[in-house]
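Participant: Quick one: this structure, given as structure tokens, is what I'll be asking you about.
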Amino acid sequence: MSGKLSGKTALVTGAGRGIGFGCALELARAGAAVVINDRPGSPDLAEAKRQIEAVGGRVAAIKADAHSRAGCEILLAEALKFAPRIDILVSNPARSKRTPFLEFDPADFDTIIAGTLTAGFHMGQLVARHMVAAKCEPHDGCQGKIVFISSVHAEMPYARSVAYNAAKAGLNHMALSMSAELNRYRINVNIIEPGWIDTPGERITFGLEKMKEAAPKLPWGRLGTPEDIGRAATFLCSDDADYVTGTTLRVDGGFVLKECRGDSIE
């Protein structure tokens, strides 16, 4: 394949389905070789690999626990058997549970913070260390690109999502802190905030019928797709975004503005 990411290798965590898969697919379409990851025992990873190969992508599928430091270390080591260098990281681990704050189990809170925020730290630090150790100079085309998949929840404190909201807000600030420190190495660190995206997880949470009913009422007239997020990630991981770092890109079809349109105001 040829494209704006030809010659690059991307590592995408949480890529068995949903947004992670959409990112991996679009990166492959842009010419990157991709390492896709999902948890041990994942029922989705083999099919994700097949679909990427079907569009001509070069892909390796690695099952590893990206929510733990040890699992991230294993994942990076296995990825470097597939390719000598990781140029791109799309970090997409997350856990969520919708429960009223007064009833929220402290153990669940810790699990969601660990699986959404701390996991991003582990993978981000390990890959950034690898990128720095590569000692690439800007002119040779191997600057690093790190993209964290956050959420509009980082800015909008939705009820019944206290842990997820906090984890995504923390993820945003962590990414900005990373960007401030990694500028000197020409490693771009950016954030994508998806809005309401049609993923298998959302279908389980809300139900397909409710999502179909809600979609036409959204500002863009539809829910987002994993490919929408993947195309944004491809831009941020390309040379087109060389001068973009420490930036939060909201990809939500106007979702956060849905109450600001004044439709009911004469």
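Every number here is computed from the coordinates shown, using simple stated rules; none is lab data. In this text the structure is predicted, and so the values were computed from the model without any measurement. Cβ sites come from the backbone with ideal geometry, for glycine too, and all protein chains shown count toward neighbours.
Participant: Can you work out the FRET efficiency for the pair residue 204 and residue 70, with r the C-beta to C-beta distance and R0 = 30 Å, to the nearest 0.05?
Facilitator: For residue 204 and residue 70, the calculated efficiency is 0.60.
Participant: Let me ask something additional. Once you list every other residue whose beta carbon is under 13 Å from the beta carbon of residue 214, what net charge do they have if Lys and Arg are +1 and Asp and Glu are -1?
Facilitator: Once positives and negatives cancel, what remains is +2.
Participant: For the chain, take the alpha-carbon Rg, divide it by the Kirkwood Rh, and send me Rg/Rh.
Facilitator: 0.96
Participant: Filter the cross-link list 145/168; 81/145; 4/135; 49/145; 97/212 down to pairs whose alpha-carbon distance in this structure exceeds 24 Å.
Facilitator: Violating the 24 Å Cα-Cα cut-off are zero pairs.
Participant: Run the quick spin-label model on residue 186 and residue 78: label points 7 Å from Cα toward the beta carbon, then report their separation in nm to one decimal.
Facilitator: Output for this residue pair reads 3.2 nm.
Participant: Also, quick follow-up: Do you know the relative contact order of the chain, to the nearest whole percent, from alpha carbon pairs under 8 angstrom that are 6+ apart?
Facilitator: Dividing the mean separation by the residue count of the chain yields 20 percent.
Participant: Rounded to the nearest 500, what is the 222 nm mean residue ellipticity of the chain from helices alone, with -39500 (n - 2.57) per DSSP H run of 4+ residues and division by all residues?
Facilitator: Counting only the DSSP helices, I get -12000 deg cm²/dmol.
Participant: Quick one: dipole size for the range 103-236, taken about the Cα centre, charges +1 on Lys/Arg Cβ and -1 on Asp/Glu Cβ, in debye to the nearest 20.
Facilitator: It works out to roughly 380 debye.
Participant: Continuing with this model, one more query. Looking at 116, 149, 46, which one has the Cα that reaches farthest to the positive end of the dipole of the chain (charges on Cβ: Lys, Arg +1; Asp, Glu -1)?
Facilitator: 46
Participant: Identify, among 260, 55, 192, the residue whose Cα sits farthest towards the positive end of the charge dipole of the chain, taking +1 on the Cβ of Lys and Arg and -1 on the Cβ of Asp and Glu, with the dipole about the Cα centre.
Facilitator: In the chain, that residue is 55.
Participant: Whose amide H sits under 5 Å from the amide H of residue 250, counting only residues 5 or more places off or on another chain, with H placed in the peptide plane?
Facilitator: 193
Participant: Principal axis lengths of the range 141-180 from Cα atoms, whole Å, largest first?
Facilitator: Computed over the range 141-180, the largest-to-smallest principal extents equal 44, 15, 13 Å.
Participant: With a 10 Å radius around each residue's Cβ, average the other Cβ atoms per peptide and rank 36-49, 111-124, highest first.
Facilitator: Ranking the peptides 36-49, 111-124 by packing returns 111-124, 36-49.
Participant: Percent antiparallel among DSSP beta bridges with both residues in the chain, to the nearest 5?
Facilitator: Percentage antiparallel, nearest 5: 0.
Participant: If you don't mind, another one. Net charge near residue 40, counting Lys/Arg +1 and Asp/Glu -1 over other residues with Cβ under 9 Å of its Cβ?
Facilitator: Charge balance in the 9 Å sphere: 0.
Participant: Give me the dipole magnitude in Debye, nearest 20, for the range 167-266 about the Cα centre, with unit charges on the beta carbon: positive for Lys and Arg, negative for Asp and Glu.
Facilitator: 160
Participant: Something else about it: Over the range 100-173, calculate the relative contact order: mean separation of alpha carbon pairs under 8 Å at least 6 apart, over the residue count, as a percent.
Facilitator: It comes to 44 percent, rounded to a whole number.
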